[in-house]
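Here is the structure we will look at, set down as structure tokens.
The values are calculated or read from the model by the stated rules, or taken from the named source; none is laboratory data. Bear in mind that the values here come from a model prediction, so they are computed numbers and not experimental data. Backbone-built Cβ (ideal geometry, glycine too); neighbour counts: all protein chains shown. Accessible surface areas use protein heavy atoms only, side chains included; no ligands, DNA or RNA. Shrake-Rupley method; radii C 1.70, N 1.55, O 1.52, S 1.80 Å.
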Amino acid sequence: MESARIIAGVTRIVRDVGIAEELAQDALVAALEQWPASGIPDRPGAWLMATARHRAVDLVRRRETYARKLAEVGRALEDVPPPAEPAEPDDIDDDLLRLVFTACHPVLSTDARIALTLRLVGGLTTQEIARAYLAPEPTVAQRVVRAKRTLARAGVPFEVPYGADRAQRLASVLEVIYLIFNEGYAATAGDDLLRPALCEDALRLARQLAALMPDEPEVYGLAALLEFQASRTATRTGPDGAPVLLADQNRARWNRLLIRRGADALQRAGSGPYALQAAIAGCHAAAVRYEDTDWTAIATLYGRLVLLLPSPVVELNRAVAVSMADGPAAALPLVDALAAEPALRSYHLLPSVRGDLLERLGRAAEARAEFERAASLTRNTRERELLLGRAAALLSP
């Protein structure tokens, strides 16, 4: 629970997230050794922070190569011991924010940013990250190690950037949290459709970021989107783990608290891409029955979204909304126009959507072929079973 704050506080001193993580772990080991005899302190988090900072200062003093840095940081490190507990909550929050921006620095690959964020900010172990992403543990461990080395070699400052650089870095931070949630919400591979722990981690990070950056509307846009999406998690699979389509979900089981939190966050969001996606999710949340969904409003919102975020995936989602608002015949040309998009060549949802439209138009044989093609493209076992089931249902009697 205290890991991210300790790493953030120590990184301010040593300016290296890898070393800071090691010192934080040393402090935890010291607690395991000392607390059974001395008892748990009244403020264990403050004890851990102070211990880690003491060790950080000792490390800086021991290294001659840090002499110049000591002078820059100030004589206080040489003559005055660190405080017994964090001085101000705002200082801790500032350090946490710096840690988030450091872990999500664009100098790292997307996979490295995700792994490092889950490790340092989310507090997940390497084993937990590997299990969540169905990756070998040594691969994830190397990814985290290389990420820390890359940050050190690039001399990435431990700071919250400003101006144009801040906008670029914030976009990277939001993308990482969004990708973590999406992998939990609709797993790209494996035997399970959902990985709830990843959804929970991403939602916690989004809430934390909103608390740290209350003046950034798009942060609230992302938080609202994840709250709305998370509200439906419990109904997206049946007792056997099979996917349950949106039209068949029991809306009485949607989490009303998360929906209210999403609506509150949406009030503070602007009109950026995440805010628009949150508004779309809010339309679904507002519909008591599937039949009450305002598909015209959703199609309009997707139209606005594609102007801000030109993407064939967004266009495909807009086509789905158009099919619900104006009928499958109006949407089929939009989907067919996306067939040549290189980015969608192996995207299983393109033939899946096309199969759905063809089925609604009564073109069963063509729809069956599309569902079978979609099943061959997905790497998720549950989705494959669903698609093959839809294909089988269209076999001639």
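Yes or no, residue by residue, for (1) open to solvent by less than 40 Å² (accessible area, probe 1.4 Å); (2) under 26 Å from A211 (Cα atoms); (3) in contact with a strand residue (DSSP E or B) (Cβ under 9 Å, 6 or more places away or on another chain):
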site: L257; (1), (2), (3): no, yes, no
site: S271; (1), (2), (3): no, yes, no
site: E291; (1), (2), (3): no, no, no
site: L307; (1), (2), (3): no, no, no
site: V314; (1), (2), (3): yes, no, no
site: A321; (1), (2), (3): yes, no, no
site: M324; (1), (2), (3): no, no, no
site: P328; (1), (2), (3): yes, no, no
site: R354; (1), (2), (3): no, no, no
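Residues that are charged (D, E, K, R) and under 23 Å from the mean Cα position of the chain (by Cα) were ranked within the stretch 227-244; the one that is nearest to Y178 (Cα to Cα) is E227. Here the condition is being more than 22 Å from R195 (Cα to Cα), crowded, with 19+ Cβ neighbours inside 10 Å, at pLDDT 95 or above and within 21 Å of the chain's Cα centre (by Cα); of A299, A279, A263, it holds for A279 alone.
Within the stretch 360-385, the residues that satisfy the criterion of being crowded, with 20+ Cβ neighbours inside 10 Å and in a helix (DSSP H, G or I) are A367, R368, E370, F371, A374, A375, R382, E383. When the residues of the stretch 29-47 are narrowed to those that are in a helix (DSSP H, G or I), out of contact with any Leu (no Cβ under 7 Å at 6 or more places or on another chain) and aliphatic (A, V, I, L, M), which ends up nearest to G123 (Cα to Cα)? Checking each candidate, the answer is V29. Hey, can you tell me all the residues within the stretch 338-347 that are in a loop (DSSP other than H, G, I, E, B) and open to solvent by 40 Å² or more (accessible area, probe 1.4 Å)? Result: A339, A340, E341, R345, S346, Y347. Looking at the stretch 243-337, the helices (runs of 4 or more DSSP H) lying wholly inside it that each contain 2 or more residues that are closer than 27 Å to L387 by Cα sit at 273-286, 295-308, 312-326, 328-336. Determine the pairs where a residue that is at pLDDT below 90, located within the stretch 96-121, has a partner that is assigned to a loop (DSSP other than H, G, I, E, B) and not hydrophobic (A, V, I, L, M, F, W, C) with Cβ atoms under 6 Å apart, the partner being 6 or more residues away or on another chain. Filtered contacts from the stretch 96-121: R98/E159. Answer yes if at least one residue in the stretch 225-232 is open to solvent by 50 Å² or more (accessible area, probe 1.4 Å), of a type in the set (F, W, Y) and over 22 Å from V121 (Cα atoms), and no otherwise. No, there is no match, as no residue in the stretch 225-232 is open to solvent by 50 Å² or more (accessible area, probe 1.4 Å), of a type in the set (F, W, Y) and over 22 Å from V121 (Cα atoms). Looking across the stretch 11-28, just one residue is under 25 Å from the mean Cα position of the chain (by Cα) and either more than 22 Å from D94 (Cα to Cα) or assigned to a loop (DSSP other than H, G, I, E, B) (or both), and that is D16. Kindly check whether there is at least one residue in the stretch 178-192 that is open to solvent by 30 Å² or more (accessible area, probe 1.4 Å), at pLDDT below 80 and either under 17 Å from the mean Cα position of the chain (by Cα) or among the hydrophobic types (A, V, I, L, M, F, W, C) (or both). Looking for residues that are open to solvent by 30 Å² or more (accessible area, probe 1.4 Å), at pLDDT below 80 and either under 17 Å from the mean Cα position of the chain (by Cα) or among the hydrophobic types (A, V, I, L, M, F, W, C) (or both), one finds at least one in the stretch 178-192, hence yes.
I'm trying to understand the selection: among the residues of the stretch 40-63, which are without any contact (Cβ under 8 Å) to a residue 12 or more places away in the chain and more than 19 Å from V14 (Cα to Cα)?
Passing the criteria: I40, P41, D42.
The number of residues in the stretch 133-153 being more than 29 Å from R12 (Cβ to Cβ) and open to solvent by less than 50 Å² (accessible area, probe 1.4 Å) comes to 1.
Is it the case that D91 is over 30 Å from P136 (Cα atoms), at pLDDT below 50, in a helix (DSSP H, G or I) and out of contact with any helix residue (DSSP H, G or I) (no Cβ under 7 Å at 6 or more places or on another chain)? It is true that D91 is over 30 Å from P136 (Cα atoms), at pLDDT below 50, in a helix (DSSP H, G or I) and out of contact with any helix residue (DSSP H, G or I) (no Cβ under 7 Å at 6 or more places or on another chain). When the criteria are applied in full, D215 fails the requirement of being more than 16 Å from the chain's Cα centre (by Cα) and over 20 Å from F101 (Cα atoms).
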